[in-house]
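The values are calculated or read from the model by the stated rules, or taken from the named source; none is laboratory data. For clarity, every value in this text was computed on a predicted model and none was experimentally measured. When we count neighbours, we look across all protein chains shown, and the Cβ atoms used for this are built from the backbone with ideal geometry, even at glycine.
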Amino acid sequence: MMISSKTGSIADYYFGFLKNLNSHSKLDLISKLTQSLKEDKVSGETTLQSLFGAYQSAESADEIIKELRASRSFNRTTETL
């Protein structure tokens, strides 16, 4: 969802929703937002290189494919006309 600069900031957009909350809910929200800023951030960016080689198995690719195909079950029934 993009908010154009003509209509205001994203904070103003969300404040429109949140201004009707009771005081307790607003303080709870402030506390949670503050805590989220204090937490150490783990890099949220995952690269393709970091995923390469993640799955390890003693079976070869052909054995895994054969096992997957053997485990398939078809339960579709065709209605005759």
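Which residue out of 30, 64 is among the hydrophobic types (A, V, I, L, M, F, W, C), modelled with pLDDT of 90 or more and over 26 Å from the mean Cα position of the chain (by Cα)? Please lay out each step first, then the result.
On the way: 30 fails: over 26 Å from the mean Cα position of the chain (by Cα).
After applying the criteria, what remains is 64.
Does segment 58-73 hold any residues that are acidic (Asp, Glu) and in a helix (DSSP H, G or I), and which are they?
First, the residues of segment 58-73 that are acidic (Asp, Glu): 59, 62-63, 67.
Within segment 58-73, 62, 63, 67 qualify.
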Find all pairs meeting these conditions: Cβ atoms under 8 angstrom apart; at least six residues apart or on different chains; first residue within segment 60-80 and without any contact (Cβ under 8 Å) to a residue 40 or more places away in the chain; second residue assigned to a loop (DSSP other than H, G, I, E, B) and exposed (fewer than 10 other Cβ atoms within 10 Å of the Cβ). 64/57
Select, from 25, 50, the only residue that is modelled with pLDDT of 90 or more and surrounded by 10 or more Cβ atoms within 10 Å (Cβ to Cβ). 25
